[in-house]
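**Q** Structure below; questions to follow.
The values are calculated or read from the model by the stated rules, or taken from the named source; none is laboratory data. Since the model is a prediction, treat every value here as computed from it, not as a measurement. All Cβ positions, glycine included, derive from the backbone under ideal geometry; neighbour counts span all protein chains shown.
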Amino acid sequence: MIGKLFLTLATFALLHAAYSTYEHLSLLKALGKPEGSLPLDIVYESILALILGLLGASLNAPPLKDITWASEMKKRTIDGMDSRLGFAHYKSRGNFLFASPHNDGKI
Amino acid sequence: MSLQSALERLATYRANNTRASQDIFRSGLLVLQKSGFKKLGDDGWTSLEQLTLASIDVGRLDIADQCLQLIADKFPNSPRVDCLIGIRMEATEPPETALKYYADILEADSANAAIWKRRISVLRRTGKVEKAVNELVQFLDTFYTDVEGWLELADIYASCNQYDHSLQALSHVLLLTPQNPFYVLQAAETAYTSEDFALAIKMFLTVVDMTDTDDSEQLLQESTPLGITVRAWFGVKLCTRRLAQNANLKSLSNTSPPKNVELLDELATERLRVAYSSSGQKGEIAKGRQEVFAWVATPLA
C-alpha cells in the first residue's frame, strides 16, 4: 500500500518537474537567452522523485521466494514424485467408481 | 470456484505432477463449460490435455471425446495427439487393439518415447511382466535420462520381490536426480527390505541431512522434524535395532556398519519424541503419540 503510494507520488513529482523544465526553457527562449541554468527547486524535485520511486518500487515488490532445493522439496509430496505419469494405467477401478451412476453425463 | 482459481489449480497440479484426477476433472470441466481454454493460448492446450486424461481416468468418456476432438482438430498430425488417442483406445478397447495401434506407430517412428512408454504400460497391466521388463530395459538403453522409466523399472522389480535389482535401478535414479530426497528415501527403504542395513542406515541419514536444513537460525534442539524427515528417522531406528541384534551382518553392497549404533539409536529416539511432541492446532496431541513413545522406549537388542 505504502509502496504504491510512494510510486504514484514519485511519478507525479517527476512529471511535474518535467513540465516545469519545459515551461522554464520556453520562458528562456522567449526572453532570448536559451542557455540559462535550470532553477534548483526543479532539480531537487526530480531527485526527490527518484528517491521516492526507489522506495516505492522496493516496498511494492512481491514476497521473496526460497531458492534452495531443500525448500522446494519441502513443498512436494511422495505421491507427486512417484506418479510416473508416462506409465500410468488408465483402465482401473476409477473408471467405475467415479462415473455417474446413470451414465447421463451429469457429475 | 472461480475460473481463475480453477486454472491456478490445474497449473499447480501440472507443475507438481500429481494425479488428482477427480479434482482436475471438476476444475477442468468448469473451465470447459465457461470456454476459458481458448483465452489461454499454449497453456490452454496443455490444460485441455490434462482434462482429457483426467476424464478418462474418472470414467467420463463423453467429456474426454469432446476434449480430444478439440485437440485433434487443432493439431492434426501430432505424435502427442496420437498418444492421447492411444490412451482413449486403451480405456475401452481390448488391450490387443491398443498394442497393435502402438506397434504400428513404433514401426513408422521407432524413437517415439511416449508411445513406447504406453506400450510398456499396457504390457505390464495385462500381466506380461517379463516382456514389459525387457522392453523397458531396451527403452532405458536408448533413453538413459528418463527418470520415470528407471522408477517404473524399480517398481516392477519391487513388485516381483527382486529388491537388489530394484536398488540397482534406483541407483541410476539417484545419479540422474541427486538433489531429490524422496528417491534417496525410496532407495533407503529398498535397501532395508533387501536386508542391507548398513547401506540403509547411511541412506536414511542422508535423507535427514538433505531435508532438515533449517534456513532460519534455530538451535538444533528447537527444530522439529517434519514430513519425510520423520519417516527417515523411523528408518534409522529400525536399522539400529537390526544392527544391534547382529553386528556381523553381511552387507550385499560391502558397506561397513556405523561405529556408534547405540548413539544413533538414542538420537533417533530423541528426534522421534520431538516430532510427535509438538502440539498441533488447538493444542491437539499428535495421532499415535503414545504408540510411538512406547515403541521407541523399548531397549535395543
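**Q** Are any of the residues in the range B:38-45 within 14 Å of chain A (Cβ to nearest Cβ), surrounded by 15 or more Cβ atoms within 10 Å (Cβ to Cβ) and in a helix (DSSP H, G or I)?
**A** Within the range B:38-45, not a single residue is within 14 Å of chain A (Cβ to nearest Cβ), surrounded by 15 or more Cβ atoms within 10 Å (Cβ to Cβ) and in a helix (DSSP H, G or I).
**Q** If I go through the range B:11-37 residue by residue, how many of them are more than 10 Å from chain A (Cβ to nearest Cβ) and over 21 Å from A:Asp79 (Cβ atoms)?
**A** 8
**Q** Just the residues that are within 7 Å of another protein chain (Cβ to nearest Cβ), at positive phi and modelled with pLDDT under 90, please, taken from the range A:84-107.
**A** Within the range A:84-107, A:Gly105 is the sole residue that qualifies.
**Q** Further question on the same structure: Restricting the first residue to the range B:284-301 and requiring it to be assigned to a loop (DSSP other than H, G, I, E, B), which pairs with a second residue that is surrounded by 14 or more Cβ atoms within 10 Å (Cβ to Cβ) and hydroxyl-bearing (Ser, Thr, Tyr) meet a Cβ separation below 8 Å and a spacing of at least six or different chains?
**A** B:Ala286/B:Tyr276; B:Gly288/B:Tyr276; B:Leu300/B:Thr240
**Q** Could you identify the single residue in B:Lys100, B:Lys202 that is over 20 Å from the mean Cα position of the chain (by Cα) and within 27 Å of B:Leu243 (Cβ to Cβ)?
**A** B:Lys202
**Q** Do we find that A:Ser92 is among the small types (Gly, Ala, Ser), part of a loop (DSSP other than H, G, I, E, B) and in contact with an Asp or Glu (Cβ under 9 Å, 6 or more places away or on another chain) in this structure?
**A** It is true that A:Ser92 is among the small types (Gly, Ala, Ser), part of a loop (DSSP other than H, G, I, E, B) and in contact with an Asp or Glu (Cβ under 9 Å, 6 or more places away or on another chain).
**Q** Return a yes/no flag: does the range A:59-77 have any residue that is modelled with pLDDT of 90 or more and over 30 Å from B:Tyr13 (Cα atoms).
**A** There is at least one residue in the range A:59-77 that is modelled with pLDDT of 90 or more and over 30 Å from B:Tyr13 (Cα atoms).
**Q** To continue, here is another question. Do you know which of the residues in the range B:143-168 that are surrounded by fewer than 13 Cβ atoms within 10 Å (Cβ to Cβ) and either within 14 Å of chain A (Cβ to nearest Cβ) or more than 19 Å from the chain's Cα centre (by Cα) (or both) is nearest to B:Ala114 (Cα to Cα)?
**A** B:Thr145
**Q** What do you reckon, is B:Ala103 within 14 Å of chain A (Cβ to nearest Cβ) and closer than 22 Å to B:Leu136 by Cα?
**A** no
**Q** Is there a residue being more than 14 Å from the chain's Cα centre (by Cα), modelled with pLDDT under 95, within 10 Å of chain A (Cβ to nearest Cβ) and not in a helix (DSSP H, G or I) anywhere in the range B:176-195?
**A** Yes, there is a match, as at least one residue in the range B:176-195 is more than 14 Å from the chain's Cα centre (by Cα), modelled with pLDDT under 95, within 10 Å of chain A (Cβ to nearest Cβ) and not in a helix (DSSP H, G or I).
**Q** Among the residues of the range B:103-116, is any closer than 18 Å to B:Ser194 by Cα and buried (at least 20 other Cβ atoms within 10 Å of the Cβ)?
**A** So far as the range B:103-116 goes, no, none of its residues is closer than 18 Å to B:Ser194 by Cα and buried (at least 20 other Cβ atoms within 10 Å of the Cβ).
**Q** Could you go through the range B:112-122 and let me know if any residue there is hydrophobic (A, V, I, L, M, F, W, C), more than 12 Å from chain A (Cβ to nearest Cβ), part of a helix (DSSP H, G or I) and out of contact with any strand residue (DSSP E or B) (no Cβ under 6 Å at 6 or more places or on another chain).
**A** Among the residues of the range B:112-122, not one is hydrophobic (A, V, I, L, M, F, W, C), more than 12 Å from chain A (Cβ to nearest Cβ), part of a helix (DSSP H, G or I) and out of contact with any strand residue (DSSP E or B) (no Cβ under 6 Å at 6 or more places or on another chain), which makes the answer no.
**Q** Do we find a residue being charged (D, E, K, R) and at the interface with another protein chain (Cβ under 9 Å from one of its Cβ atoms) anywhere in the range B:130-140?
**A** No: the range B:130-140 contains no residue that is charged (D, E, K, R) and at the interface with another protein chain (Cβ under 9 Å from one of its Cβ atoms).
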